[in-house]
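Q: Input: one structure, supplied below.
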Amino acid sequence: MYAQTQIENAGFQKIILVAHSIGGVLAIALSKLMPSQIKHIVYIGASIPKEGKSALSTFPLSEKVGIYFMKWGIPIPEKAMDQKLRETLCNDLDEATTLQFLKGSKNFEPPSLFLERVSRKGMPDIPCTYIKLLKDKGSYPPSKQDELAANIGTGVLTLDSGHTAMLSRPQELAKLLNKIAEETTVN
């Protein structure tokens, strides 16, 4: 896994893994590969499917269709995609940040990331926290995030932000992450 190589090349021995959105499924896989280095996992508005299900199972129907379109190579009109991203991922961003986000959001994850079944079997007992994004209007509104957090059985913190909290509320997110880091035991 590329992320594992990056972590190893950086020389990190003990890490707090922060997983946003679809990164939740990657964090589960990475925790199995690096159980002694990962000391805490923080899921931010992240996908945590039920055992044996795919990330796609956590999405509403309208987004499932879009992922299958990508899988089948059917192009989605750029104007329609930009509008959907504005409504779901940029709902609490100012216009300049929204435009910057839209400019950089044209390289989508491979459909296989959404379609592969996720198993937590063999996942080490690593402490984790879920940060629920209270203004998320994307795939994971707050009620859905409660379900996702319950799938991994973790504590939940909240942030008054949309899906892209790192852009809309970076200081508040940093405070939460620093608090988690201070409370994490790194033996």
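Q: What is the mean projected area of the alpha carbon convex hull for region 137-177, to one decimal in square nanometres?
A: Orientation-averaged projected area of the Cα hull: 3.0 nm².
Q: For the full complex of protein chains and a 1.4 angstrom probe, list 68, 2 by accessible area with the highest value first.
A: 2, 68
Q: Using a Cα-Cα cut-off of under 27 Å, which lysines could be cross-linked to residue 103, ignoring same-chain neighbours fewer than 8 residues away?
A: Hits, sequence-local ones excluded: 64, 71, 79, 84, 132, 135, 137.
Q: So what's the Cα pair-distance distribution over region 37-141, bin width 5 Å, in %?
A: Here the calculated profile for region 37-141 is 2, 10, 16, 21, 21, 15, 9, 5, 1.
Q: Sort 51-58, 150-157, 177-184 by packing, meaning the average of other beta carbons within 10 Å per residue, with the highest value first.
A: 51-58, 150-157, 177-184
Q: At 1.4 Å probe radius, can you tell me the per residue accessible area of region 25-111 in Å²?
A: 52 Å²
Q: So what is the calculated 222 nm ellipticity per residue for the chain, using -39500 (n - 2.57) for each DSSP H run with n of 4 or more, over all residues, to the nearest 500 deg cm²/dmol?
A: -13500 deg cm²/dmol
Q: For region 32-187, what's the relative contact order in percent, using C-alpha pairs closer than 8 Å and at least 6 residues apart?
A: Answer for region 32-187 is 34 percent.
Q: In the chain, with Lys and Arg counted as +1 and Asp and Glu as -1 at Cβ, which of these residues, 77, 171, 124, has the Cα nearest the positive end of the dipole, that is, farthest along it?
A: 124
Q: Further question on the same structure: To the nearest 10 Å², what's residue 99's accessible area with a 1.4 Å probe?
A: The value for residue 99 is about 90 Å².
Q: Projecting each Cα onto the charge dipole of the chain (Lys/Arg +1, Asp/Glu -1 at the beta carbon, about the Cα centre), which of 181, 93, 143 comes out farthest on the positive side?
A: The listed residue farthest towards the positive side: 143.
Q: Carbon-plus-sulfur fraction of the accessible area of the chain, 1.4 Å probe, in percent?
A: With neighbouring chains kept in place, the figure for the chain is 55 percent.
Q: If contacts are Cα pairs under 8 angstrom and at least 6 residues apart, what is the relative contact order of region 18-107 in percent? Each step should come with its number before you reach the end.
A: Details: 52 pairs, mean separation 18.4, N = 90.
It rounds to 20 percent for region 18-107.
Q: Another question, if that's okay. Calculate, for residue 15 and residue 79, the FRET efficiency according to 1/(1 + (r/R0)^6) with r their C-beta to C-beta distance and R0 41 Å; round to the nearest 0.05.
A: Approximately 0.55, to the nearest 0.05.
Q: Under DSSP H, which helices of the chain have Cα atoms covering 18 Å or more of the helix axis and a Kyte-Doolittle average no less than 1.0?
A: Long hydrophobic helices here: none detected.
Q: Separation between the residue 94 and residue 121 pseudo-spin-labels, each 7 Å from Cα along Cα→Cβ, expressed in nm?
A: If labels sit at residue 94 and residue 121, their model points lie 5.1 nm apart.
Q: Of 136, 160, 125, which has the largest mean-square fluctuation in a 10 Å C-alpha GNM of the chain?
A: 125
Q: Another one. Over all Cα pairs of region 99-164, how is the pair count split among 5 Å bins, expressed in % and running from 0 up to the last occupied bin?
A: In order of increasing distance, the bins hold 4, 13, 16, 19, 21, 18, 7, 2, 0 percent.
Q: Would you mind computing Rg(Cα) / (2.2 N^0.38 Å) for the chain, counting N as its residues?
A: 1.03
Q: Over the chain, with a Gaussian network built from C-alpha contacts below 10 Å, which listed residue (96, 165, 19) shows the highest mean-square fluctuation?
A: 96
The values are calculated or read from the model by the stated rules, or taken from the named source; none is laboratory data. Keep in mind that this is a model prediction, so the values were computed, not measured. Methodologically, a virtual Cβ is constructed for each residue, glycine included, from the backbone with ideal geometry; neighbour enumeration extends over all protein chains shown. Accessible surface areas use protein heavy atoms only, side chains included; no ligands, DNA or RNA. Shrake-Rupley method; radii C 1.70, N 1.55, O 1.52, S 1.80 Å.
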